[in-house]
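The values are calculated or read from the model by the stated rules, or taken from the named source; none is laboratory data. Treat the numbers as computed from the prediction; the structure is a model and nothing was measured. Note that we place each Cβ from the backbone using ideal geometry, even for glycine, and neighbour counts take in every protein chain shown. Side chains included, ligands, DNA and RNA excluded: accessible areas come from the protein's heavy atoms. Shrake-Rupley method; radii C 1.70, N 1.55, O 1.52, S 1.80 Å.
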Amino acid sequence: MLLFMPRAHALGVNQWANMRTLLRKVANGLYFQGPDHWTNNPDAGLNFQSIDRALEFVRTYKLEGIEVAFAFRNSSGVTTASVEKLEVKYAEA
């Protein structure tokens, strides 16, 4: 746990706790909510809570045309990253 404290402190614990990790369809911008359920509301999307969990879900269910999205509470903005780029970064680490 001590290994993560400096990073959490640098990012701000509240900001880190408020981040949601989502899956988003690139083609239409809908967020994964559950099996065969997608929503246009990031607040209603399933929070995978970590990049690792989101990427594992994509691999397990062989999802295509998906990106990882990061949404923050009290913010209307959503930041996205391609699954391919995230997988490359994790493979290099």
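Residue 63: net charge of surrounding residues, Cβ under 12 Å, Lys/Arg +1, Asp/Glu -1, itself excluded?
Overall, the nearby charge balance is +1.
In nm, what is the difference between 0.36 nm times the number of residues separating residue 37 and residue 63 and their Cα-Cα distance?
Between residue 37 and residue 63, full extension yields an extra 8.0 nm.
Carbon-plus-sulfur fraction of the accessible area of segment 48-90, 1.4 Å probe, in percent?
The computed percentage sits at 50.
Would you grab the residues whose amide H sits under 5 Å from the one on residue 26? Only those 5+ places off in sequence or on another chain, please, with H modelled 1.01 Å from N.
66, 67
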